[in-house]
1. Could you work out which residue, out of Glu184, Glu193, Glu172, moves most in a Gaussian network model of the chain, that is, has the largest mean-square fluctuation with Cα springs under 10 Å?
2. Relative contact order for the chain: what is it in percent, counting Cα pairs under 8 Å that are at least 6 residues apart?
3. Roughly how tilted is helix 155-164, in degrees to the nearest 10 and between 0 and 90, from the longest Cα axis of the chain?
4. How many Å² of accessible area per residue for segment 189-235, probe 1.4 Å?
5. Using a 1.4 Å probe on the protein heavy atoms, what percent of the accessible area of the chain belongs to carbon and sulfur?
6. Hey, how many Å between the Cα centroid of segment 179-193 and the Cα centroid of segment 141-159?
7. For the chain, modelled as a Gaussian network with Cα springs under 10 Å, which listed residue fluctuates most, Leu169, Leu188, Leu204?
8. Would you mind calculating the relative contact order of segment 78-195 from Cα pairs under 8 angstrom and at least 6 residues apart, reporting the percent as a whole number?
Amino acid sequence: MKFKSAILTFLALFLAVSVRAETVTAAGDPWPPFIDPNDPDGGVAVSLARETFSRSGFTLEMNIMPWARAIDGVKNAKYDVLIGTWWTKERTEFLAYSEPYLTNEIKFIKRKGDPFEYNGMDSLTGKSVGIVRGYGYGDDFLNATNFKRPETADFLPNVKKVVSGRVDLTLEDELVARSQIAKEDPGLIDQIEFTKNALNANTLHVTCGLANAKHEEIINALNKGMAAMKADGTFDQILKKYGMK
């Protein structure tokens, strides 16, 4: 009987380890403090996702790359999830969205002393607004025809273009912008200003490609785990760690 009991215990442990060994592969670009390759825990969004998935027996593997390659990789099921995705109608055609877990307030960045203030799409008429290729700034902004939207692969080059006068404006969540500038080129912060008014407030989601055979399982696990984290206080504890609560 003892031998049989030991075998059953071993099998239970083996099955538990096997379940927990399943990996969810994530893709994204450097986006401190949400996705931060210099943070031992990966940033606030990565920390939240890792803890959330662990509650459903998944481990999270984060892969850093340019955003356009990340979204294409998830769209084509090369990677399982994007940790931080804004909602756009176009993306719903190839991505399954989790429930929102945070909100980003997207503001325009201008040269210091520039009197510009954002007051609707008409206020952008004739402007050149630097954007990051593949980012979801909202359909109204992306479809407007009264201003230019030159693209770059990453955010920081757009800030440098604003400072040098090559574009009039760029835009980003203010917390993200300040964090990334402080870490990568702190001298820029004294040469720019943020508008008081935001373009929009974008909810932040984890997404999985519809081409991924497990997209429903993955998103359901995320939603279930995130709800549990909010209920037991773990969600707020992680936000407090990053000064966001």
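1. Sorting by GNM fluctuation, first place goes to Glu184.
2. Details: 433 pairs, mean separation 66.5, N = 245.
RCO, the chain: 27 percent.
3. Value to nearest ten degrees: 10.
4. Details: 2230 Å² over 47 residues.
Spelled out: the 1.4 Å probe surface of segment 189-235, per residue, equals 47 Å².
5. Working: 6490 of 12130 Å².
Carbon-and-sulfur percentage of accessible area, whole number: 53.
6. 19
7. Of the options given, Leu188 has the highest mean-square fluctuation.
8. Numbers: 149 pairs, mean separation 42.0, N = 118.
Relative contact order here is 36 percent.
The values are calculated or read from the model by the stated rules, or taken from the named source; none is laboratory data. Everything numeric here is computed off the predicted structure, so don't read it as measured data. Glycine also receives a Cβ, built like all others from the backbone with ideal geometry; neighbour counts cover every protein chain displayed. When the accessible area is computed, the model is the full protein with side chains, heavy atoms only, and any ligands, DNA or RNA have been set aside. Shrake-Rupley method; radii C 1.70, N 1.55, O 1.52, S 1.80 Å.
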